[in-house]
Amino acid sequence: MPSIVQEVYQRLYDAFGPQHWWPGDTQFEIMVGAVLTQNTNWKNVERAIANLRQADLLQPKALYATPLEELEELIRPAGYYRIKARRLRSLLELVVERYGGSLEKMFAADPAALREQLLAVRGIGPETADSILLYAGGIPVFVIDAYTYRIFARHGWVEPDADYHRLQEYFQSQLPDDAAMFNEYHALLVRLGKHYCQKRRPRCRGCPLEELLPSGGPAEVD
């Protein structure tokens, strides 16, 4: 009998189909997007990435050599551009100075060690680090975000005080160690969170998980 984690995945996949996420032409573009998407929507990130592409800077060494002020202007559409420029520069220091600008070499490193290195980069937390590992590196690590917490807490499947690492272990312990599945599952949860399990007014009627709601309705979550 499938676990609730597996059943949720199947229901969402049957309802929405494959999500083809994360959008990006290269591993490096995905990494840059993971930093730029913090606290903004994807359309703004696309505009910033288009600026970098037009300037022929979507390569680690080229972007690393770009003056900070120029980088700030190029990524301005993504918002918080001064902060994000410095975060990108810190990430690039890891890629270029430790791995010689080679993403192949970087993602061939021990995943646990690489995750710690990413978390040591200023401005990169667990969600961004794991997005880089999963979406750019193809490393099977489950990404937890606000949608994931909201959906599973509202249904009473996880504790309201569950932190990032407890939630991650909850998913990874019940799913095959499969990067493609982790990728698809996270994208499906984002789709559900945006269109049904919204923060203020959840649209429970017609939701693919409606039948799984507790009898008293969705639990209140922050």
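Going Cα to Cα from Lys105, which lysines come in below 29 Å? Please leave out same-chain ones fewer than 8 positions away.
By straight Cα distance, Lys105 reaches Lys61, Lys84.
Name all residues of the stretch 167-181 having a backbone nitrogen under 15 Å from the label point set 7 Å from the Cα of Leu119 along its Cα→Cβ direction, giving them as ranges.
167-170
Per DSSP H run of at least 4 residues, take -39500 (n - 2.57); add these up for the chain, divide by its residues and hand me the 222 nm value, nearest 500 deg cm²/dmol. Don't jump to the answer; show the numbers that get you there.
Numbers: 12 runs with 115 residues, N = 222.
Dividing the helical sum by the residues of the chain leaves -15000 deg cm²/dmol.
Dividing the alpha-carbon radius of gyration of the chain by 2.2 N^0.38 Å (N being the number of residues), what value is obtained?
Values: Rg = 18.4 Å, N = 222, 2.2 N^0.38 = 17.1 Å.
The value comes to 1.07.
When N counts the residues of the stretch 9-126, how does its alpha-carbon radius of gyration compare numerically with 2.2 N^0.38 Å, as a ratio?
Numbers: Rg = 15.1 Å, N = 118, 2.2 N^0.38 = 13.5 Å.
Normalised Rg, Cα atoms only: 1.12.
Given labels modelled 7 Å from the Cα in the Cβ direction, how far is it in nm from Glu211 to Gln174?
1.7
Report the relative contact order of the stretch 27-136, percent, no decimals, based on alpha-carbon pairs under 8 angstrom and at least 6 residues apart.
Working: 111 pairs, mean separation 34.2, N = 110.
Relative contact order here is 31 percent.
Multiply the residue separation of Ala62 and Met181 by 0.36 nm, subtract the distance between their alpha-carbon atoms, and state the gained length in nm to one decimal. Spell out each step's value before the answer.
Numbers: separation 119, 0.36 × 119 = 42.84 nm, distance 3.30 nm.
The span from Ala62 to Met181 would gain 39.5 nm if fully extended.
What order do you get for Asp161, Asp130, Asp178 when you list them from fewest to most C-beta neighbours inside 10 Å? Don't skip to the end; give the middle numbers.
Working: Asp161 7, Asp130 24, Asp178 11.
Result, fewest neighbours first: Asp161, Asp178, Asp130.
Throughout, read-outs are computed from the coordinates displayed, never taken from laboratory work. Note that the structure is predicted; figures quoted are calculated from it, not measured. Ideal geometry is used to build each Cβ from the backbone, glycine not excepted, and the neighbour counts take in all protein chains shown.
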